[in-house]
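For reference, the structure is listed below as structure tokens.
The values are calculated or read from the model by the stated rules, or taken from the named source; none is laboratory data. Note that this is a predicted model, so its numbers are computed, not measured. Every residue, glycine as well, gets a Cβ built from its backbone with ideal geometry; the counts of neighbours run over all protein chains shown. Protein only, heavy atoms only, side chains kept; ligands, DNA and RNA dropped before computing areas. Shrake-Rupley method; radii C 1.70, N 1.55, O 1.52, S 1.80 Å.
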Amino acid sequence: QVQVVESGGGLVQPGGSLRLSCAASGSIFSIYAMGWYRQAPGKERELVAGITSAGTTNYADSVKCRFTISRDNAKNTVYLQMNGVKPEDTAVYYCTANIRTSGYGSTILVWGQGTLVTASA
């Protein structure tokens, strides 16, 4: 069994910074892509940023140049550095990881429980 657990959410003032972390644990053989999604009240869940095992990244247009995704493969951890936070960034942020649990078979997409980020004065 594998899981991912987010941390680092909370209240941040507009223009401020916050760093989210997400650690994967359990029976892990390898981790492929990892990413962050968010869901604001009354809106659909959307991709914020993704990163491959090789470090290739992609971002939603709304967060480009403000957010940075990175990962530490030795720690099975992905990060989201949020700078210049805006009120519209308020949402529950979810971590995902595409994990292979053995040397054969398919991968599984694991979701975290989410961490709330509130950007407000």
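Give me the accessible area of T90, 1.4 Å probe, in Å² rounded to the nearest 10.
In the full protein context, T90 sits at about 40 Å².
Per residue, how much accessible area does region 11-110 have with a 1.4 Å probe, in Å²?
52 Å²
For region 43-90, what is the largest minus smallest coordinate of the Cα atoms on each principal axis, given in angstrom and ordered from greatest to least?
34, 20, 16
Solvent-accessible area of K64, probe 1.4 Å, all protein chains present, reported in Å² to the nearest ten, please.
For K64, the solvent-accessible surface is approximately 100 Å².
Go through the chain and flag any cysteine with no other cysteine's C-beta closer than 4.7 Å, please.
So, C65.
Summarise the accessible area of the chain (1.4 Å probe, protein heavy atoms) by the percent that is carbon and sulfur.
On the way: 3190 of 6410 Å².
Roughly 50 percent, rounded to a whole number.
Using a 10 Å Cβ count of at most 16 others and DSSP loop calls, identify the longest part of the chain lacking such chymotrypsin sites (Phe, Trp or Tyr not before Pro).
On the way: sites that count: F29, Y104.
Looking at the chain, 30-103 is the longest stretch - no exposed chymotrypsin sites (Phe, Trp or Tyr not before Pro) with at most 16 other Cβ atoms within 10 Å.
Just to verify a number: FRET efficiency for Q39 and A74, C-beta to C-beta distance, R0 = 30 Å, to 0.05?
That gives a FRET efficiency of 0.50.
Of L116, L47, L20, which has the most accessible area with a 1.4 Å probe, and how do the rest follow in descending order?
Reading off the accessible areas and sorting them downward yields L116, L47, L20.
Quick one: grab Rg to one decimal and Dmax as a whole number for region 73-121, Cα atoms only, in Å.
For region 73-121, the Cα-based Rg and Dmax read 14.9, 50 Å.
Cα centroid distance between region 71-114 and region 44-58, in Å?
8 Å
Can you give the FRET efficiency for Y32 and R66, using 1/(1 + (r/R0)^6), R0 = 22 Å, r = Cβ-Cβ distance, to the nearest 0.05? Please list the in-between numbers first.
Details: r = 26 Å, r/R0 = 1.17.
The value I calculate is 0.30.
Please state the relative contact order of the chain as a whole percent: Cα pairs under 8 Å, 6+ residues apart?
Relative contact order of the chain: 37 percent.
Determine the gain in length on full extension of the stretch T52-L116; use 0.36 nm per residue of separation and subtract their C-alpha separation, reporting nm with one decimal.
20.6 nm
Can you list the aspartates and glutamates whose alpha carbon sits under 16 Å from that of K86, skipping same-chain ones fewer than 8 residues off?
D61
Report the rotationally averaged projected area of region 6-121 based on its alpha-carbon convex hull, in square nanometres. Show your work: numbers first, answer last.
On the way: hull surface 28.4 nm².
Computed as one quarter of the Cα hull surface, the answer is 7.1 nm².
Give the cross-link partners of K75 among the aspartates and glutamates, using a straight C-alpha distance below 20 Å as the criterion and excluding same-chain residues fewer than 8 apart.
E6
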